[in-house]
Amino acid sequence: MKKESQAHETLNAFIHEVGIMHELHSDNAKTLFQGEMAKKIRRFEIYQTFSEPYSQWQNFAENKIKQVTNTARYFLQWKNTPIRLWTYAFINAAEILNRMASTHVSTRGVTPIELVHGYTPDISEFSSYE
């Protein structure tokens, strides 16, 4: 997504790949409740909730982004990796965290991939290598 106005295309891609979600919780970005995005949310009958302004702790994605950042930094420092490889560390951190069950009550003890796709992912490819 190059522009914020393309958010509705991301929703299309998610629906095409995974299916129609039951609910969508987001911040108060105008592109998420106006225009093309709002039309698609109404068309697919997606229940939409919003976090309060200036309340980042209400948006679970904010915490996950922080967790991915901290994990990627740990990976980079752990093996003294050159900084030019930072993108690979972030991708690796996100892939591993998506395959780990969360303790948050809303996830019901399953991994994010299992919540979205319905199958338990295999983490062996990540645990075999440093």
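The values are calculated or read from the model by the stated rules, or taken from the named source; none is laboratory data. Fair warning: this is a prediction, and the values are worked out from it, not measured in the lab. Heads up, the Cβs are rebuilt from the backbone with ideal geometry, glycines too, and the neighbour counts pull from every protein chain shown. Ligands, DNA and RNA are excluded from the accessible area calculation, which covers all protein heavy atoms including side chains. Shrake-Rupley method; radii C 1.70, N 1.55, O 1.52, S 1.80 Å.
Inspect all residues belonging to the stretch 51-74 and state whether any of them is farther than 30 Å from Ile123 by Cβ and either of a type in the set (Val, Ile, Thr) or touching a strand residue (DSSP E or B) at 6+ places or on another chain (Cβ under 9 Å) (or both).
The answer is yes, given that some residue of the stretch 51-74 is farther than 30 Å from Ile123 by Cβ and either of a type in the set (Val, Ile, Thr) or touching a strand residue (DSSP E or B) at 6+ places or on another chain (Cβ under 9 Å) (or both).
Across the stretch 84-130, what is the number of residues that are open to solvent by 70 Å² or more (accessible area, probe 1.4 Å) and at pLDDT 90 or above?
4
Residue by residue through the stretch 16-36, note down the ones that are surrounded by 13 or more Cβ atoms within 10 Å (Cβ to Cβ), at pLDDT below 85 and farther than 26 Å from Glu114 by Cα.
Thr31, Phe33, Gly35, listed by residue number.
Answer yes or no as to whether Glu52 is part of a loop (DSSP other than H, G, I, E, B), without any contact (Cβ under 8 Å) to a residue 60 or more places away in the chain, among the charged types (D, E, K, R) and touching a helix residue (DSSP H, G or I) at 6+ places or on another chain (Cβ under 9 Å).
Considered against the rule, which asks whether it is part of a loop (DSSP other than H, G, I, E, B), without any contact (Cβ under 8 Å) to a residue 60 or more places away in the chain, among the charged types (D, E, K, R) and touching a helix residue (DSSP H, G or I) at 6+ places or on another chain (Cβ under 9 Å), Glu52 comes out as yes.
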